[in-house]
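Step one of this worksheet: look at the structure below.
The values are calculated or read from the model by the stated rules, or taken from the named source; none is laboratory data. All of these numbers come straight from a predicted model, not from anything done at the bench. Glycine also receives a Cβ, built like all others from the backbone with ideal geometry; neighbour counts cover every protein chain displayed.
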Amino acid sequence: MSDRGGSSRQGGGWSSLPPARTQAYPLFGPGSLALAGLGGIAQITPSLFLSSGNVASNRHAVYTRGITCIVNATLELASPRWADVEFVKVPLPDLPHAPLSLYFDTVADKVQEVSRRSGRTLVHCVAGVSRSATLCIAYLMKHHKQSLLDAHGWVRSRRPVIRPNYGFWRQLIDYERRIFGKNTVRMVPSPLGMVPSVYEKEVRGLMPFWTFR
């Protein structure tokens, strides 16, 4: 299927996302996609954006980017009532046991459907760090055939503050296995407990805070 501004076929067009391991992202050219910190909007693909809830309620920020659909992945925040923007609610807390995977296919298919109509989707939670990032990663796996490792690396390169909770990581690992029949990320033991292998180097050598009590 075609995404806004390019083909979504693996191996052709913008959507052949480069491997996250290389940290080389030449796909759109320098500065062609917006990077974002905690308070900004990150452009993940030409038709998919990621932000905090604060930014998603800013009508000017939404309209200037041509966003036509907003996915609100929170229990905490109400969606604005804007006649020309479609709203989708994913009413779950940011807790490891929350069954966010129940919405992976629904949200991914919605983003793709909006893209086929030349629309743009913004996915947000409260901080734009855990729930919304997880949904964007699932979308890249399903519709752009990216491994979990590469999809996470790409989303993190666009919005460096992302940090899905460990329960959501387990759900993404299961989702990757369901789609591809194998995994590129696994849960591994660390001084802080079980963590996804992408964080293994970060937490190596750390000591749990309770050892200092």
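What about LEU100, is it more than 17 Å from ALA42 (Cβ to Cβ) and surrounded by fewer than 21 Cβ atoms within 10 Å (Cβ to Cβ)?
The answer is no for LEU100.
Just the residues that are touching a Pro at 6+ places or on another chain (Cβ under 9 Å), farther than 18 Å from ASN54 by Cβ and among the charged types (D, E, K, R), please, taken from the stretch 117-167.
ARG120, ASP150
I'd like to check something: does the stretch 129-149 contain any residue that is without any contact (Cβ under 8 Å) to a residue 40 or more places away in the chain, more than 30 Å from PHE87 (Cβ to Cβ) and out of contact with any strand residue (DSSP E or B) (no Cβ under 9 Å at 6 or more places or on another chain)?
Yes.
Pairs, please: C-beta under 7 Å, at least 6 apart or cross-chain, first residue farther than 16 Å from LEU172 by Cβ and in the stretch 185-207, second part of a helix (DSSP H, G or I) and at pLDDT below 95?
If the second residue must be part of a helix (DSSP H, G or I) and at pLDDT below 95, the pairs left are SER190/GLU200; SER190/VAL203; PRO191/VAL203; LEU192/VAL203.
Report every pair of residues separated by at least 6 positions or lying on different chains whose Cβ atoms are under 9 Å apart, first residue within the stretch 57-71 and under 15 Å from THR45 (Cβ atoms), second charged (D, E, K, R) and part of a helix (DSSP H, G or I).
Qualifying pairs under 9 Å: CYS69/LYS110; CYS69/GLU113; VAL71/LYS110.
Quick one: LEU140 ticks every box in (1) over 24 Å from GLU76 (Cα atoms); (2) surrounded by fewer than 19 Cβ atoms within 10 Å (Cβ to Cβ) bar one, so which box is it?
Going through (1) over 24 Å from GLU76 (Cα atoms); (2) surrounded by fewer than 19 Cβ atoms within 10 Å (Cβ to Cβ) one by one, LEU140 breaks only (2).
Looking at the stretch 149-183, which of its residues are of a type in the set (A, V, I, L, M) and in contact with a Lys or Arg (Cβ under 9 Å, 6 or more places away or on another chain)?
LEU149, ILE162, ILE173, ILE179
Residues being in a loop (DSSP other than H, G, I, E, B), surrounded by fewer than 23 Cβ atoms within 10 Å (Cβ to Cβ) and not basic (Lys, Arg): count how many of those fall in the stretch 108-129.
5
For the stretch 113-128, what are the residues that are aliphatic (A, V, I, L, M) and either free of Cβ contacts under 8 Å to residues at least 40 places away in the same chain or under 17 Å from ASP174 (Cα atoms) (or both)?
Of everything in the stretch 113-128, nothing turns out to be aliphatic (A, V, I, L, M) and either free of Cβ contacts under 8 Å to residues at least 40 places away in the same chain or under 17 Å from ASP174 (Cα atoms) (or both).
Quick one: in the stretch 106-129, of everything that is closer than 15 Å to GLU76 by Cβ and small (Gly, Ala, Ser), which residue is farthest from the chain's Cα centre (by Cα)?
Ranking the qualifying residues of the stretch 106-129, first place goes to ALA127.
Any idea which of LYS182, LYS201 is part of a loop (DSSP other than H, G, I, E, B) and over 18 Å from the mean Cα position of the chain (by Cα)?
Checking each option against the conditions leaves just LYS182.
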